[in-house]
1. Quick one: which of E62, E51, E43 is among the acidic types (D, E) and touching a Cys at 6+ places or on another chain (Cβ under 8 Å)?
2. Output the residues belonging to region 154-189 that are among the β-branched types (V, I, T) and touching a residue at least 12 places away in the same chain (Cβ under 8 Å).
3. Could you pull out every one of the strands (runs of 3 or more DSSP E) wholly within region 1-75 that has 3 or more residues that are away from the ligand (no atom under 16 Å from the Cβ) and closer than 30 Å to D183 by Cβ?
4. Of the conditions (1) away from the ligand (no atom under 16 Å from the Cβ); (2) modelled with pLDDT of 75 or more, W114 fails just one. Which one is it?
5. I need a count of the residues in region 169-189 that are closer than 13 Å to L3 by Cα and modelled with pLDDT under 85.
6. Could you identify the single residue in P166, P128, P157, P147 that is modelled with pLDDT of 90 or more and touching a Lys or Arg at 6+ places or on another chain (Cβ under 6 Å)?
Amino acid sequence: MTLTLGTGIGGAIVMDGRVERGQHGMAGEFGHMIMVPHGRRCECGNRGCWEQYASGNVLQREGQALARAGGPLRPNSNGGARGDQRQSAGLSSPKRGSRVTQPPKSSLAEVGRWLGLGLANLAAALDPGCIVIGGGVIAAGDLILDPAREEMARNLPGRGHRPLAPIVAAELGPRAGLIGAADLARRDF
Ligand SMILES: [Zn+2]
């Protein structure tokens with residue numbers, strides 16, 4: 001199973017080396033699983049979609065909010081971001097439309113925890129052997145993946161009595177989608 005964390009969340013289920021497309025070619029739309037009823041509005045028209053909580057857009061939105069606030073990171077009100085104000089020292093002020101290259105670590109951890117929660121659901125449904133995470137956001141590496149691993153382990157049904165699928169970073173970097181599409185075309189057409 002693979003996910004790409006960019007402006008949203010892309011996904012694919014790979015079984016026996018082949019992409020599982022579903023009955024109507026729509027399999028893998030993980031980013032639009034509703035994680036929070038009546039939550040943040042999503043471009044798809046629903047509210048509370050996973051990608052509104054665990055994607056690069058979230059980091060950009062938080063970075064912009066912090067930049068507008070003009071101050072150091074403040075722990076958020078739900079306690080989810082176990083904020084350390086010292087960690088915000090490297091926060092840059094993102095320009096609209098630009099990539100956030102230095103989001104605060106507590107924001108990365110928050111995205112990681114949302115990522116892990118969704119992965120626990122997916123693992124419950126699909127029992128994957130491995131979860132590969134790609135996309136631009138994954139440049140943050142274990143700052144996102146470690147909280148994701150912890151959150152998945154904490155929420156997986158049957159935890160402690162079943163293997164935990166490893167969560168690993170995609171090896172091909174930002175070009176993975178391009179290379180994968182070319183490989184798919186080479187195999188299937
Ligand atoms: Zn959506």
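The values are calculated or read from the model by the stated rules, or taken from the named source; none is laboratory data. Note that this is a predicted model, so its numbers are computed, not measured. Don't worry about glycine lacking a Cβ; one is built from the backbone with ideal geometry, like all the others, and counts go over all protein chains shown.
1. Among E62, E51, E43, only E51 is among the acidic types (D, E) and touching a Cys at 6+ places or on another chain (Cβ under 8 Å).
2. Taking region 154-189 first, the residues among the β-branched types (V, I, T) are 167-168, 179.
Hits for region 154-189 are I167, V168.
3. Working: elements: 2-5, 9-15, 18-20.
Hits in region 1-75: 9-15, 18-20.
4. That leaves (1) as the condition not met.
5. Count: 5.
6. Working: P166 fails: touching a Lys or Arg at 6+ places or on another chain (Cβ under 6 Å); P128 fails: touching a Lys or Arg at 6+ places or on another chain (Cβ under 6 Å); P157 fails: touching a Lys or Arg at 6+ places or on another chain (Cβ under 6 Å).
Going through P166, P128, P157, P147 in turn, just one is modelled with pLDDT of 90 or more and touching a Lys or Arg at 6+ places or on another chain (Cβ under 6 Å): P147.
Conditions tested, residue by residue: (1) in contact with a strand residue (DSSP E or B) (Cβ under 6 Å, 6 or more places away or on another chain); (2) surrounded by 12 or more Cβ atoms within 10 Å (Cβ to Cβ); (3) over 26 Å from V19 (Cβ atoms).
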site: D142; (1), (2), (3): no, yes, yes
site: P147; (1), (2), (3): no, yes, yes
site: E151; (1), (2), (3): no, yes, yes
site: N155; (1), (2), (3): no, yes, yes
site: L172; (1), (2), (3): no, yes, no
site: R175; (1), (2), (3): no, no, no
site: A185; (1), (2), (3): no, no, no
